[in-house]
Amino acid sequence: MPEPLLRVDDLSMVYQRRAGLLGRRAQQIRALNGVSFSLGAGETLGIVGESGCGKSTLARCILRLLRPSGGRIRFDGDDLLALPDEGMRVMRQRMQMVLQNPFSSLNPRLSGFELVAEPLRTHTAMSRMEMADRVASLLAEVGLGVEFMSRHPHQLSGGQAQRTALARALALNPDFIILDEPTSALDVSVQAQIINLLLGLQRQRGLTYLFITHDLSVVQHISDRIAVMYLGKIVEETSSEAIFANPQHPYTQALLSSTPVPDPAADRQRTILPGAVPSAANPPSGCAFHTRCPQAMDICRAQYPAARFVARSHRVSCHLYDESA
């Protein structure tokens, strides 16, 4: 079996915050707590969960924009946390990121040509003429004409801006792209266009995606596998088909029950979770979901469940599948 392109083992991220009178008391916020998964070349792994569950922190740790507190990240056999800064700079040519709001990641002072050519200027020795040809080719690949080379971000629609950001991410021919809510700021019709574009680019270039979103209807169409996160942990991971056909974790079941369906006459059983996501600064004991879980048991309040395989390639962290419970 081939080695996965990306392997994350027991990743944790703890922020330190000052609290109390005059900030005298140190407070720990555990954004990630033992996250593990692997991702094969050419695959798409969707990461879903409510806001604040640690999805974006995970993305930034993988790219080492944040330094994790613990764990291990291996990319194509290299330990990213052991690489020196220069080695990581070279590695980032193979790893790119597309953010939720393109207008926050595109410099408003730069033209489309300058935005897309920026990584080429930083990492290659291309002449300006070579860069112009390369930028025109990249823009055409994402569905934009050469006239967009002279346009600035304020002259672009949301979809055009996201296509420009994607062209810039493709400039160095990466193997792996993290897509952090790439469609949530777009109209529904434009979302479909961007998803189709991403799927086409993946087929043509053999790209590997980590697709982060809270929109289950979107992640279903693009992901091979889906990992569900809750308060810094992955609680369920399996194929996209299995998640939607047979969700096992009570949190996943609640998420799916809240997803709108196009048929208003469809008979659905809604699961309404009480309360809100607990604070990462003061998480509950045991399973963090027990404060909202309709099937919580005494053991859930005292002990966090280990990850278990309930079917082939279907991993769940829940005491409902613990025979000793």
Under the 7 Å Cα-to-Cβ spin-label approximation, Tyr321 and Glu3 lie apart by a distance in nanometres of 2.9
Rounded to the nearest 20 debye, dipole of the chain from Cβ charges on Lys, Arg, Asp, Glu:
1020
Using 0.36 nm per residue of separation minus the Cα-Cα distance, give me the extension gain between Asp85 and Asn173 in nm, one decimal.
29.6 nm
Find how much the distance from Ser285 to Ser157 grows on full extension, using 0.36 nm per residue of separation minus their present alpha carbon separation; answer in nm with one decimal.
41.5 nm
Check Cys318: other-chain or 5+ apart residues with amide H under 5 Å from its amide H, H built from backbone geometry?
Arg308
Restricting to the chain, what percent of DSSP beta bridges are antiparallel, rounded to 5?
65
Pulled fully out, how much extra length does the chain show between Ala276 and Val188, if you take 0.36 nm times their separation in residues and subtract their Cα-Cα distance?
28.9 nm
Assuming R0 = 30 Å, can you tell me the calculated FRET efficiency for the pair Leu110 and Asp10, based on Cβ-Cβ distance, to the nearest 0.05?
0.15
Alpha-carbon centroids, segment 142-204 and segment 38-70: separation in whole Å
20
Which ³J(HN,Hα) values in Hz, rounded to whole numbers, follow from the phi angles of segment 219-233 under the Karplus curve 6.51 cos²θ - 1.76 cosθ + 1.60, where θ = phi - 60° and Gly and Pro get x?
5, 4, 7, 10, 9, 7, 10, 10, 10, 9, 10, 9, 6, x, 10
Order by neighbour count: Leu65, Leu45, Leu156, fewest other Cβ atoms within 10 Å first, most last.
Leu65, Leu156, Leu45
Could you work out the relative contact order of segment 200-262, using alpha carbon pairs under 8 angstrom and six or more residues apart, expressed as a whole percent?
21
Okay, helix-only estimate at 222 nm for the chain: each DSSP H run of n ≥ 4 adds -39500 (n - 2.57), divide by all residues, round to 500 deg cm²/dmol; what do you get?
-9000 deg cm²/dmol
Tell me, what ³J(HN,Hα) does each residue in segment 244-253 have, in order and in whole Hz, if you take phi through Karplus 6.51 cos²θ - 1.76 cosθ + 1.60 with θ = phi - 60° and put x for Gly and Pro?
7, 7, 8, x, 9, 7, x, 5, 4, 4
Where labels lie 7 Å past Cα in the beta-carbon direction, separation of Ser51 and Arg121 in nm
3.5
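The numbers here are math on the coordinates, done by the rules we state, and not lab data. Predicted model only: the values in this text are computed from it and were never measured. Virtual Cβ from ideal backbone geometry, glycine too; neighbours counted across all protein chains shown.
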